[in-house]
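Take a look at the structure below.
The values are calculated or read from the model by the stated rules, or taken from the named source; none is laboratory data. Here the structure is a predicted model, which means the values were calculated and not measured. Here the Cβ positions follow ideal geometry from the backbone for every residue, glycine too, while neighbour counts run over all protein chains shown.
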Amino acid sequence: MRVTKGNENVFVDCGFPPAEAENLRIRAKMMMALTGYIEERKITQSRAAKLMGVSQPRISNLIRGKIGLFTIDTLVNMVAAAGLKVEIDISAGRPKLKHKRVA
(Lines give C-alpha, C1' and ligand atoms only; values in the text may rest on other atoms or scores of the structure.)
Protein backbone atom coordinates (compact mmCIF):
# COMPACT_ATOMS: atom_id res chain seq x y z
CA MET A 1 0.00 0.00 0.00
CA ARG A 2 1.32 3.42 -0.94
CA VAL A 3 0.70 6.30 1.46
CA THR A 4 1.03 9.91 0.41
CA LYS A 5 1.43 12.56 3.06
CA GLY A 6 -1.24 15.21 2.70
CA ASN A 7 -1.10 18.94 3.05
CA GLU A 8 -2.08 20.68 6.30
CA ASN A 9 -5.22 21.79 4.46
CA VAL A 10 -7.32 18.95 3.07
CA PHE A 11 -8.99 21.38 0.67
CA VAL A 12 -5.63 22.02 -1.03
CA ASP A 13 -5.26 18.25 -1.41
CA CYS A 14 -8.70 18.19 -3.04
CA GLY A 15 -7.51 20.62 -5.70
CA PHE A 16 -8.99 23.92 -4.54
CA PRO A 17 -6.97 27.06 -5.27
CA PRO A 18 -5.00 28.23 -2.19
CA ALA A 19 -7.25 31.18 -1.25
CA GLU A 20 -10.45 29.16 -1.60
CA ALA A 21 -8.92 26.24 0.29
CA GLU A 22 -8.01 28.55 3.18
CA ASN A 23 -11.52 30.02 3.22
CA LEU A 24 -13.00 26.52 3.34
CA ARG A 25 -10.60 25.46 6.10
CA ILE A 26 -11.61 28.42 8.26
CA ARG A 27 -15.32 27.83 7.69
CA ALA A 28 -14.98 24.11 8.43
CA LYS A 29 -13.15 24.83 11.67
CA MET A 30 -15.85 27.24 12.87
CA MET A 31 -18.62 24.85 11.83
CA MET A 32 -17.01 22.02 13.79
CA ALA A 33 -16.66 24.28 16.85
CA LEU A 34 -20.33 25.26 16.68
CA THR A 35 -21.49 21.69 16.15
CA GLY A 36 -19.34 20.57 19.08
CA TYR A 37 -20.81 23.35 21.22
CA ILE A 38 -24.35 22.19 20.44
CA GLU A 39 -23.55 18.51 21.03
CA GLU A 40 -21.58 19.04 24.27
CA ARG A 41 -24.38 21.08 25.81
CA LYS A 42 -27.04 18.71 24.49
CA ILE A 43 -29.20 21.60 23.31
CA THR A 44 -31.85 21.25 20.67
CA GLN A 45 -31.50 22.75 17.21
CA SER A 46 -34.36 25.10 18.06
CA ARG A 47 -32.64 26.32 21.23
CA ALA A 48 -29.30 26.67 19.39
CA ALA A 49 -31.03 28.72 16.70
CA LYS A 50 -32.50 31.14 19.24
CA LEU A 51 -29.16 31.42 21.00
CA MET A 52 -27.26 32.15 17.76
CA GLY A 53 -29.92 34.37 16.19
CA VAL A 54 -30.62 32.14 13.20
CA SER A 55 -33.40 29.79 12.12
CA GLN A 56 -33.63 26.11 13.09
CA PRO A 57 -33.08 25.05 9.45
CA ARG A 58 -29.77 27.01 9.50
CA ILE A 59 -28.67 24.95 12.50
CA SER A 60 -29.70 21.79 10.66
CA ASN A 61 -27.55 22.87 7.69
CA LEU A 62 -24.68 23.58 10.08
CA ILE A 63 -24.89 20.17 11.72
CA ARG A 64 -25.15 18.46 8.31
CA GLY A 65 -21.92 20.19 7.27
CA LYS A 66 -23.36 22.18 4.37
CA ILE A 67 -20.32 24.42 4.19
CA GLY A 68 -21.38 26.15 0.96
CA LEU A 69 -24.34 27.72 2.73
CA PHE A 70 -22.23 29.62 5.26
CA THR A 71 -19.92 32.60 4.92
CA ILE A 72 -17.10 33.39 7.31
CA ASP A 73 -19.04 36.48 8.46
CA THR A 74 -22.15 34.46 9.29
CA LEU A 75 -20.13 31.86 11.19
CA VAL A 76 -18.23 34.51 13.18
CA ASN A 77 -21.56 36.04 14.21
CA MET A 78 -22.89 32.63 15.25
CA VAL A 79 -19.71 31.83 17.19
CA ALA A 80 -19.89 35.17 19.02
CA ALA A 81 -23.61 34.73 19.79
CA ALA A 82 -22.82 31.33 21.29
CA GLY A 83 -20.31 33.02 23.60
CA LEU A 84 -17.31 31.42 21.95
CA LYS A 85 -14.20 33.33 20.95
CA VAL A 86 -12.56 33.44 17.55
CA GLU A 87 -8.80 33.89 17.51
CA ILE A 88 -6.79 34.57 14.40
CA ASP A 89 -3.19 33.51 13.97
CA ILE A 90 -1.53 34.67 10.79
CA SER A 91 1.88 33.37 9.81
CA ALA A 92 3.96 32.89 6.70
CA GLY A 93 2.52 30.10 4.61
CA ARG A 94 5.64 29.37 2.58
CA PRO A 95 9.24 30.40 2.93
CA LYS A 96 10.15 33.26 0.63
CA LEU A 97 12.42 32.43 -2.25
CA LYS A 98 15.93 33.74 -1.87
CA HIS A 99 17.32 35.39 -4.93
CA LYS A 100 20.93 34.76 -5.74
CA ARG A 101 22.85 37.91 -6.35
CA VAL A 102 24.87 37.88 -9.52
CA ALA A 103 28.22 39.72 -9.27
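Only one of these is among the basic types (Lys, Arg) and under 17 Å from the mean Cα position of the chain (by Cα): 47, 64, 41. Name it. Break it down stepwise before answering.
Numbers: 47 fails: under 17 Å from the mean Cα position of the chain (by Cα); 41 fails: under 17 Å from the mean Cα position of the chain (by Cα).
Selected residue: 64, the only one of 47, 64, 41 that is among the basic types (Lys, Arg) and under 17 Å from the mean Cα position of the chain (by Cα).
Only one of these is touching a helix residue (DSSP H, G or I) at 6+ places or on another chain (Cβ under 8 Å), more than 14 Å from residue 84 (Cβ to Cβ) and part of a helix (DSSP H, G or I): 33, 49. Name it. Break it down into steps so the answer makes sense when it comes.
Working: 33 fails: more than 14 Å from residue 84 (Cβ to Cβ).
Going through 33, 49 in turn, just one is touching a helix residue (DSSP H, G or I) at 6+ places or on another chain (Cβ under 8 Å), more than 14 Å from residue 84 (Cβ to Cβ) and part of a helix (DSSP H, G or I): 49.
Checking the stated criteria, residue 58 turns out to be modelled with pLDDT of 95 or more and crowded, with 17+ Cβ neighbours inside 10 Å. For the range 57-72, the criterion of being free of Cβ contacts under 8 Å to residues at least 12 places away in the same chain, farther than 25 Å from residue 21 by Cβ and polar (S, T, N, Q) is met by none of the residues.
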